[in-house]
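Input: a single structure, listed below in structure tokens.
The values are calculated or read from the model by the stated rules, or taken from the named source; none is laboratory data. All values derive from a computational prediction rather than experimental measurement. All Cβ positions, even for glycine, are placed from backbone atoms using ideal geometry, and neighbour counts span all protein chains on display. Quick note on the areas: whole protein, heavy atoms, side chains included, nothing else; ligands and nucleic acids left out. Shrake-Rupley method; radii C 1.70, N 1.55, O 1.52, S 1.80 Å.
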Amino acid sequence: MNFAFSEDEQKFRTELRAFLASELPSWWRGMFVDDPRAMPFTRAFSRKLAERGWLTMAWPKEWGGAEASPWKQAILREEMWAHDEPRGPQYMNLNYIGPCILRFGSEAQKRRFLPPMAAGDVLWTQGFSEPGAGSDLAAVATRAEPSTDGFVVNGQKIWNSYADAPAEWCFLLARTSVAAKRHHGLSVLLVDMRTAGVDVRPIDSMAGPHELNEIFFEDVAVPRDCLLGEAGQGWEIVTAGLTFERVGIARYARAGRVIELLVEHAGATGLAGDSEVRSKLARLRVQYEAARLLNYRAISLQAAGRVPAVEASIARLHNTQLEQQVSDVGLEILGLAGQLTADDPAAPLTGLLHRQWVRTIPTTITAGTLEVQKNIIAERGLGLPRAR
Amino acid sequence: MDLNLSAEQTILVESARELLGRRSPLAAVRALEAAGRGFDRELWREVARLGWVGLTLPSEGGHFDLLDVALLADEMGRALFPSPFVPTVAMGAWLIDAFGDEEQRRRWLPRLATGELAVTVALAEPGARSLWDPPGLAIAGGRLSGRKLFVPFAAEADLVLVAVAGPAVVAVEREASGLVCTRHDALGGEPLYALAFESVSCEPVAAHPTALPRALDRGAVATLAYLAGACERVLEMSVAHARMREQFGRPIGSFQAIAHRCVDMRSDVDALRVLVHQAAWCLAAGEAADVAVASALAYGLEAVRRILRHAHQVHGAIGFSMEYDLQLFTRRMKAAELGWGPAALYHECVARAMGLG
Ligand SMILES: Cc1cc2nc3c(=O)[nH]c(=O)nc-3n(C[C@H](O)[C@H](O)[C@H](O)COP(=O)(O)OP(=O)(O)OC[C@H]3O[C@@H](n4cnc5c(N)ncnc54)[C@H](O)[C@@H]3O)c2cc1C
């Protein structure tokens with residue numbers, strides 16, 4: 001065991017921080033802030049990361065990656081999340097859409113889809129959830145009817161982040177066979193969002209505009225070469241994808257950064273001497289430490305060539321709840337002024353805590369709810385009978 | 001960064017689990033407690049022969065550090081192995097080796113490593129709320145007078161390391177005249193004693209100001225590791241019970257309220273364990289350890305409480321019976337929590353270390 005980063009890794013972090021300090025504009029507050037500059041900025045920023053070989057550094061060299069160690073990847077994630085994820089939607093490409101195409105795609109699909117991702121030139125949206133298929137994802141009803149040269153898609157997806165960004169491609173889970181048992185009739189299609197019959201309708205969310213959408217598919221023709229893997233392999237692909245995604249989000253690092261800022265704020269406002277404030281911040285710091293190390297445990301397993309399925313779910317329980325607690329305690333420490341939004345000039349810490357609080361309302365919902373995570377751990381980690 | 005066990009550590013852990021499972025079943029733990037004894041000296045010598053007692057002492061052929069001590073303590077906690085491992089190995093051996101003079105090292109360490117010399121550590125004094133309260137006992141003319149409380153295994157130990165004003169540490173032979181040892185009637189299964197010293201002859205061991213606080217850090221981390229192992233076993237018992245016990249025509253583990261309590265236990269034990277490993281590693285590597293140690297303690301002491309509540313809830317009435325083994329764990333774990341608490345103390349350490357003045 002070793003709980004220190006190597007010199008090389010520390011140097012990489014320093015380099016990244018310098019890069020972020022020079023690239024992040026002072027107005028940058030993350031996505032979903034109703035600022036028209038945000039999306040173009042994330043695209044330009046991702047291209048710059050790509051130029052330095054940092055965007056897809058986890059990927060194989062053959063596909064524009066650098067085969068960076070899992071620890072360098074972790075450092076990159078931490079720095080990105082601690083700085084409001086300036087890659088915007090592109091973290092999805094890197095974390096799981098790209099890796100799923102690498103693992104399940106044909107040579108032609110890899111050649112077609114991976115280079116634009118590696119260059120930071122393309123946006124994808126995830127088309128899994130439906131009005132009738134949330135936690136019970138296998139209930140997906142969107143139909144992909146086999147046709148002579150591919151599929152014809154009909155149905156509706158919902159809660160699709162970044163679909164109106166606009167995303168150029170959709171990683172779509174659809175039903176290609178109704179005869180097969182629920183899980184076996186699903187397939188993943190890579191759908192060009194510019195195809196006729198695709199209709200995106202934004203849904204306003206508490207975080208502001210441009211976060212969520214519905215996507216309607218009406219007789220959308222999808223060519224056969226856009227089927228990922230085999231027909232019927234969809235469930236296996238999304239399960240693998242969601243596991244990649246869970247390790248790929250360094251929420252603990254964002255929480256850690258907010259804690260640091262709260263400590264500075266407490267120092268500047270004289271609250272550092274208040275015993276209640278001290279103990280609450282210390283408690284957050286301890287939970288942060290636990291979350292960080294549980295993520296490192298999952299990464300250690302990855303580095304040893306193992307798949308940390310249950311460990312990633314446990315890390316996620318800590319990450320998501322930590323973020324929610326940090327924002328609750330943070331707002332409490334700011335007191336009355338905590339309710340001022342970023343647009344109010346009097347907002348302390350430029351409205352960070354308010355923003356953080358809104359953003360973290362759904363952290364225990366997305367990518368598998370807290371309860372679904374617990375069901376997974378109970379069954380796969382503890383061997384308990386399937387919970388009902 | 002690498003949180004995986006090394007191959008050698010894996011062997012250490014696996015062989016400890018095998019041996020303790022065979023030689024120290026819970027029936028033996030019960031029998032010792034019923035007989036009013038703290039540990040089985042024969043078995044202590046046996047594990048000493050395997051190198052567990054001298055494992056951190058280069059002079060005795062040991063080449064391990066506090067992280068390995070924590071790994072062994074974790075296995076001991078899993079078995080609820082009654083032994084003076086924490087005071088003798090995590091604290092005593094280190095104090096003597098790092099601060100004792102040449103003659104003391106030669107006199108004590110070989111016997112310590114073979115299990116002949118069991119060491120305990122006397123810390124708390126009347127009125128103390130925690131082990132970290134600064135010691136007030138003073139030495140006059142090489143002699144010690146006063147009282148120490150909550151000293152584990154004292155009646156069966158051979159050497160008592162006593163924290164005195166300074167802070168410093170002195171050694172007293174257990175058989176020294178003027179030392180009277182009275183057992184506390186306490187909740188845990190591990191015997192605790194009040195020691196009354198009346199002009200007892202003692203010899204200085206460590207006077208360096210960091211000696212006592214570091215020894216306490218080491219004892220705390222080893223105890224937490226023991227607790228992590230005990231928690232692991234309590235979780236195993238809870239899961240086994242949840243799978244087997246049926247109500248309303250199905251295993252209670254299929255009720256989410258029960259399953260999710262087990263998951264919360266899993267999540268707490270895992271967090272406790274990684275925090276303990278980090279704390280032990282930092283102490284062993286000589287890295288800044290304050291936040292790591294205080295975080296492990298702050299998290300761990302509260303996690304133990306949550307885990308015990310969950311375990312008893314999952315078990316229903318059976319967990320409250322003396323015949324069932326859960327109580328063996330509950331009482332010892334609660335005693336250890338009180339022994340090294342309160343968690344608020346460590347939150348305050350973290351607050352200071354994180355820059356809150
Ligand atoms: C900000 C945000 C972004 C999102 N982005 C995307 C996206 O890009 N693409 C996409 O496809 N989807 C996206 N989603 C949707 C997300 O995946 C779903 O919200 C999630 O899977 C939960 O489904 P649901 O909202 O229908 O809740 P439901 O499944 O209806 O759950 C409601 C409650 O019931 C509980 N529950 C359900 N089943 C069980 C069970 N078996 N045991 C115990 N409790 C249960 C849940 O835990 C939850 O507390 C996004 C959601 C949000 C909030």
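Applying Stokes-Einstein at 20 °C and 1.002 mPa s to the Kirkwood radius of region A:249-381, computed over alpha-carbon pairs, gives a translational diffusion coefficient of 136 µm² s⁻¹. Note on region B:253-323: Cα Rg divided by 2.2 N^0.38 Å, N the number of residues, gives 1.40.
Taking trypsin sites (Lys or Arg not before Pro) across region A:294-366, the ones in a DSSP loop with at most 15 further Cβ atoms lying within 10 angstrom of their Cβ are A:Arg306.
Computed from the Cα positions only, the extents of region B:119-206 along the three principal axes stand at 37, 27, 19 Å, in decreasing order.
Summing Lys and Arg as +1 and Asp and Glu as -1 over all other residues whose Cβ lies under 10 Å from the Cβ of A:Ala291 gives a net charge of +1. Computed over region A:70-147, the alpha-carbon pair-distance distribution with 5 angstrom bins reads 3, 12, 16, 18, 19, 17, 10, 3, 1, 0, each value a whole percent. Taking each residue as 0.36 nm, the span from B:Arg41 to B:Thr114 lengthens on full extension beyond its C-alpha to C-alpha distance by 25.2 nm. The alpha-carbon atoms of region B:162-273, seen along their principal axes, cover 68, 30, 16 angstrom, with the largest extent given first.
Counting only DSSP beta bridges whose two residues both lie in chain B, roughly 85 percent are antiparallel. Taking the protein heavy atoms of region A:168-323 in the context of the full set of protein chains, the accessible area attributed to carbon and sulfur is 51 percent at 1.4 Å. Between B:Ala257, B:Ala220, B:Ala98, the residue with the greatest mean-square fluctuation in the GNM of chain B (Cα pairs under 10 Å linked by springs) is B:Ala257.
In percent, rounded to a whole number, the relative contact order of chain A is 13, using alpha-carbon pairs under 8 Å and six or more apart. Per the Cα gyration tensor, region A:105-190 maps to an equivalent ellipsoid with semi-axes of 24, 17, 11 Å, ordered largest to smallest. Projecting label points 7 angstrom from Cα along Cα→Cβ for A:Arg201 and B:Tyr324 puts them 5.5 nm apart.
Mean residue ellipticity at 222 nm, helices only, chain A: -14000 deg cm²/dmol; runs of at least 4 DSSP H residues each add -39,500 (n - 2.57), and the sum is divided by the number of residues. The relative contact order of region A:172-268, computed from alpha carbon pairs under 8 Å that lie at least 6 residues apart in sequence, is 28 percent. Cβ-Cβ distance of A:Asn154 and A:Lys11, R₀ of 51 Å, FRET efficiency by 1/(1 + (r/R0)^6): the value works out to about 0.45.
Taking every protein chain into account, the 1.4 Å probe leaves A:Met57 with about 10 Å² of accessible area, to the nearest ten.
Calculate the tail of P(r) for region A:7-88: the fraction of all Cα-Cα distances greater than 21 Å, expressed in %. Across region A:7-88, Cα pairs with separations above 21 Å total 28 percent.
With the simple spin-label model, which puts each label point 7 Å out from Cα in the Cβ direction, the B:Arg17 to A:Glu168 separation comes to 5.0 nm.
All other residues whose Cβ lies under 15 angstrom from that of A:Gly241 are scored, Lys and Arg at +1 and Asp and Glu at -1, for a net of +1.
Once the chain from A:Arg386 to A:Ala108 is taken as fully extended at 0.36 nm per residue, the excess over their C-alpha distance is 96.1 nm. Toward the positive end of the charge dipole of the protein assembly as shown, with +1 on the Cβ of Lys and Arg and -1 on the Cβ of Asp and Glu, the farthest Cα among B:His208, B:Tyr324, B:Val89 is that of B:Tyr324. The A:Glu145 and A:Lys48 beta-carbon pair, evaluated with R₀ = 51 Å, returns a calculated FRET efficiency of approximately 0.75. Each Cα pair of region A:161-296 feeds into the Kirkwood radius, which the Stokes-Einstein equation turns, at 20 °C and 1.002 mPa s, into a diffusion coefficient of 113 µm²/s. Label-to-label distance, A:Ala346 versus A:Ser22, with points set 7 angstrom from Cα along the beta-carbon direction: 4.0 nm. With 29 Å as the limit on Cα-Cα distance, the pairs of A:Lys110/A:Lys374; A:Lys11/A:Lys280; A:Lys48/A:Lys157; A:Lys157/A:Lys374; A:Lys110/A:Lys157 that go past it are A:Lys110/A:Lys374; A:Lys11/A:Lys280; A:Lys48/A:Lys157.
Ranking of B:Cys282, B:Cys349 by solvent-accessible surface, largest first: B:Cys349, B:Cys282 (1.4 Å probe, protein heavy atoms only, all chains present). Only protein heavy atoms count here; on that basis, with a 1.4 Å probe, A:Phe244 has an accessible area of about 60 Å². Fully extending the segment from B:Arg306 to B:Thr10 would add 103.7 nm, taking 0.36 nm per residue of separation and subtracting the current Cα-Cα distance. Residues A:Glu67, A:Glu85, sorted by accessible area with the largest first, give A:Glu67, A:Glu85 [1.4 Å probe; ligands and nucleic acids excluded]. Can you give the percent of C-alpha pairs in chain A whose distance is more than 36 Å? Taking all Cα-Cα pairs of chain A, the fraction more than 36 Å apart is 24 percent. Our helix-only sum for chain B, with -39,500 (n - 2.57) per DSSP H run of n ≥ 4 divided by its residues, gives a mean residue ellipticity at 222 nm of -17000 deg cm²/dmol. Calculated FRET efficiency, B:Glu103 to A:Arg306, Cβ-Cβ distance, R0 = 56 Å: about 0.65 to the nearest 0.05. One Cα centroid belongs to region A:39-90, the other to region B:128-191; the line between them spans 58 Å. For region B:43-119, relative contact order (Cα pairs under 8 Å, six or more residues apart, normalised by length) works out to 38 percent.
Calculate log10 I(q)/I(0) of the protein assembly as shown for q = 0.05, 0.06, 0.10 Å⁻¹, where I(q) comes from the Debye formula with a single equal point scatterer on each Cα and nothing for solvent. Log-scaled intensity ratios, in q order: -0.30, -0.43, -1.04.
Taking a straight Cα-Cα cut-off under 17 Å and skipping sequence neighbours fewer than 8 places away in the same chain, the aspartates and glutamates within cross-link reach of B:Lys334 are B:Glu33, B:Asp74, B:Asp185, B:Glu190, B:Glu232, B:Asp268, B:Glu302, B:Asp325. Look at where the Cα atoms of region B:218-291 and of region B:1-78 average out, and the two centres are 19 Å apart.
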